[in-house]
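What follows draws every value from the coordinates through simple rules; no lab data is involved. Note that this is a predicted model, so its numbers are computed, not measured. Positions of Cβ are generated from backbone atoms using ideal geometry, with glycine treated the same way; all protein chains shown enter the neighbour counts.
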Amino acid sequence: MGSDIIYRNDSPSVVAEVGPAGATMRCLLDSGADINVIRISDAMAASLPMSSLPPPLAKGRMFVANREAVKFLGICIGASVKIGDLH
């Protein structure tokens, strides 16, 4: 694999191994993010343990780049991410 970083429109991404399954996926690299978001299909492919959202977040939405409001489906805490030799 490798830790190749690709810059496209000021959005750097990396190839990472995610979760217990070590699923390989390209991820946006945002070291200043308060939260990280993953598609449900990718979370399932990585075998990430997902819990129900606590009540305050259950009604929460996030606005994505195309201004669509997306509902949070669950929460993963302590997910492993490996980028090259970094864990």
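Here are a few candidate values for Cα extents along the principal axes in Å: [x] 43, 24, 22; [y] 39, 31, 21; [z] 45, 45, 23. Which one was actually calculated from the structure I just gave you?
[y]
Whats the longest run of the chain with zero trypsin sites (Lys or Arg not before Pro) that are DSSP loop and have at most 15 other Cβ atoms within 10 Å?
Counting at most 15 other Cβ atoms within 10 Å as exposed, the longest clean stretch of the chain is 1-38.
Hey, what number do you get for the chain at 222 nm if only DSSP H runs of n ≥ 4 count, each worth -39500 (n - 2.57), divided across all residues, to the nearest 500?
Estimated from H runs of four or more residues: -2000 deg cm²/dmol.
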